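Below: the structure, in structure tokens.
The values are calculated or read from the model by the stated rules, or taken from the named source; none is laboratory data. Since we're looking at a predicted model, the values are computed, not measured. Counting neighbours? That spans all protein chains shown, and the Cβs are built from the backbone with ideal geometry, glycine included. Surface accessibility is based on the protein's heavy atoms, side chains included, excluding ligands, DNA and RNA. Shrake-Rupley method; radii C 1.70, N 1.55, O 1.52, S 1.80 Å.
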Amino acid sequence: MTRFKLPQTPGPIGVFDSGYGGLTILKSIREELPQYDYMYLGDNARSPYGPRSFEVVYDFTLQAVNRLFSLGCHLVILACNTASAKALRSIQQKDLPYIDADRRVLGVIRPTVEIIGDITQNFHVGVLATSGTIKSESYNIELQKFYPGITVTGQPCPMWVPLIENNEFQSEGADFFVKKYIDQLLEKDAEIDTIILGCTHYPLLIDKIRKYCPNHIKLIPQGDYVASSLAKYLKNHPEMEQCCTKGGKCQFLTSESSEKFTENATIFLNKEIHAEKIAWDF
């Protein structure tokens with residue numbers, strides 16, 4: 001149960017990620033729904049979440065959700081595949097009824113899964129993601145729910161996030177690791193006709209990914225689908241839509257150095273932003 005009183009007045013839509021990748025989701029959401037206010041929280045000091053256990057990811061994610069709730073958010077998007085895979089269901093089922101039954105936390109896996117049936121022709125789907133997301137088998141589980149009998153093949157890409165966050169994703173050295181993981185995926189299943197980019201960092205590598213993927217394979221970055229799903233959610237849940245303020249503003253919070261976050265965020269947003277540092281004090 002929470003140890004603080006939650007604000008009941010309308011507030012921004014919260015967007016949480018363990019690091020910077022969620023900024024690609026935020027960018028797509030703001031392009032689709034520019035009228036709303038947003039609050040982005042990156043737990044950069046404790047990133048990456050991928051190699052961490054389910055228990056630790058759950059604890060960290062719940063802490064972040066509680067912080068965003070305490071700052072006025074009624075709706076929080078987990079713009080992080082690892083958090084969506086390892087923590088979302090527990091928070092929705094175990095915690096929200098005690099925190100505030102009227103608040104909501106949504107993830108990025110379900111919106112991506114829902115559209116796959118309209119894209120794949122042979123129902124052989126690949127997933128490129130972090131090791132944590134692949135090990136969780138969350139995409140496999142969710143895809144099987146929607147499309148029983150679908151063939152889902154995962155490939156961890158441990159070098160892609162470091163390349164992106166160190167601004168090396170456009171270098172020639174990045175080509176080696178992009179080709180390596182795509183080749184490994186297609187060696188497992190040569191019939192794949194659709195690949196989900198199951199990490200919010202990966203859209204920055206999409207040109208190189210296209211370069212090394214056969215032309216017939218369709219690539220699925222998540223941002224546009226998450227944004228479209230959120231728009232439908234708000235339309236179908238007017239009670240939540242009324243809890244979201246509309247000023248077109250965005251606030252950025254980080255658990256790391258605000259200067260470091262501001263510098264690295266430009267890689268993902270292509271513009272300068274101002275970030276504030278927060279402390280995990282509850």
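Considering the range 40-75 alone, what residues qualify as being among the aliphatic types (A, V, I, L, M) and open to solvent by 10 Å² or more (accessible area, probe 1.4 Å)? Don't jump to the end; show me each part of the working.
The initial filter retains those residues of the range 40-75 that are among the aliphatic types (A, V, I, L, M), namely 41, 45, 56-57, 62, 64-65, 68, 71, 75.
Listed by number, the residues that qualify are 45, 56, 62, 71.
Output the qualifying pairs, or none if there are none: Cβ atoms under 6 angstrom, residues six or more apart or on different chains, first residue in the range 21-49 and touching a residue at least 60 places away in the same chain (Cβ under 8 Å), second residue surrounded by 22 or more Cβ atoms within 10 Å (Cβ to Cβ) and acidic (Asp, Glu).
42/17
Considering only the range 16-31, I want to know if a residue exists there that is among the hydroxyl-bearing types (Ser, Thr, Tyr) and part of a helix (DSSP H, G or I). Give the derivation first.
Pass one, the range 16-31, residues among the hydroxyl-bearing types (Ser, Thr, Tyr): 18, 20, 24, 28.
With the extra rule that they be part of a helix (DSSP H, G or I), the set shrinks to 24, 28.
Yes, some residue in the range 16-31 is among the hydroxyl-bearing types (Ser, Thr, Tyr) and part of a helix (DSSP H, G or I).
Can you find even one residue in the range 195-205 that is surrounded by fewer than 19 Cβ atoms within 10 Å (Cβ to Cβ) and either touching a residue at least 12 places away in the same chain (Cβ under 8 Å) or closer than 26 Å to residue 114 by Cα (or both)? Explain how you work it out, then say what you get.
Looking only at the range 195-205, we keep the residues that are surrounded by fewer than 19 Cβ atoms within 10 Å (Cβ to Cβ), and these are none.
For the range 195-205, residues surrounded by fewer than 19 Cβ atoms within 10 Å (Cβ to Cβ) and either touching a residue at least 12 places away in the same chain (Cβ under 8 Å) or closer than 26 Å to residue 114 by Cα (or both): absent.
Name the pairs: first residue in the range 229-246 and closer than 24 Å to residue 112 by Cα, second residue open to solvent by 60 Å² or more (accessible area, probe 1.4 Å), Cβ to Cβ under 7 Å, at least 6 apart or on different chains?
Final answer for the pair search is 231/32; 240/104; 244/10.
Taking the stated definitions as given, is residue 190 within 26 Å of residue 65 (Cβ to Cβ) and either within 22 Å of the chain's Cα centre (by Cα) or free of Cβ contacts under 8 Å to residues at least 12 places away in the same chain (or both)?
Numbers: within 26 Å of residue 65 (Cβ to Cβ): no; either within 22 Å of the chain's Cα centre (by Cα) or free of Cβ contacts under 8 Å to residues at least 12 places away in the same chain (or both): yes.
Criteria not met by residue 190.
Quick one: residue 35 ticks every box in (1) crowded, with 23+ Cβ neighbours inside 10 Å; (2) out of contact with any helix residue (DSSP H, G or I) (no Cβ under 8 Å at 6 or more places or on another chain) bar one, so which box is it?
Just one mismatch for residue 35, condition (1).
Of 139, 181, which residue is surrounded by fewer than 23 Cβ atoms within 10 Å (Cβ to Cβ) and either at positive phi or of a type outside the set (Asp, Glu) (or both)? Steps first, please.
Values: 139 fails: surrounded by fewer than 23 Cβ atoms within 10 Å (Cβ to Cβ).
Just one listed residue meets the conditions, 181.
Which condition number does residue 105 fail, the rest of (1) under 16 Å from the mean Cα position of the chain (by Cα); (2) at pLDDT below 95 being met?
Checking residue 105 against (1) under 16 Å from the mean Cα position of the chain (by Cα); (2) at pLDDT below 95, the one that fails is (2).
Considering 268, 177, 169, 261, which residue is within 13 Å of residue 128 (Cβ to Cβ) and aromatic (Phe, Trp, Tyr)? Steps first, please.
On the way: 268 fails: within 13 Å of residue 128 (Cβ to Cβ); 169 fails: within 13 Å of residue 128 (Cβ to Cβ); 261 fails: within 13 Å of residue 128 (Cβ to Cβ).
The unique qualifying residue is 177.
How many residues, within the range 138-155, are of a type in the set (Gly, Ala, Ser) and not in a helix (DSSP H, G or I)? Step through it out loud before you land on a result.
Narrowing the range 138-155 to residues of a type in the set (Gly, Ala, Ser): 138, 149, 154.
Going one step further and asking which of them are not in a helix (DSSP H, G or I), we end up with 149, 154.
Counting residues in the range 138-155 that are of a type in the set (Gly, Ala, Ser) and not in a helix (DSSP H, G or I) gives 2.
Which of (1) polar (S, T, N, Q); (2) farther than 21 Å from residue 50 by Cβ; (3) part of a helix (DSSP H, G or I) is the odd one out, the single condition residue 184 does not satisfy?
Of everything listed in (1) polar (S, T, N, Q); (2) farther than 21 Å from residue 50 by Cβ; (3) part of a helix (DSSP H, G or I), residue 184 misses just condition (2).
Report, by residue number, each residue of the range 92-125 that is among the basic types (Lys, Arg) and either assigned to a loop (DSSP other than H, G, I, E, B) or at positive phi (or both).
Residue satisfying the conditions is 103 alone.
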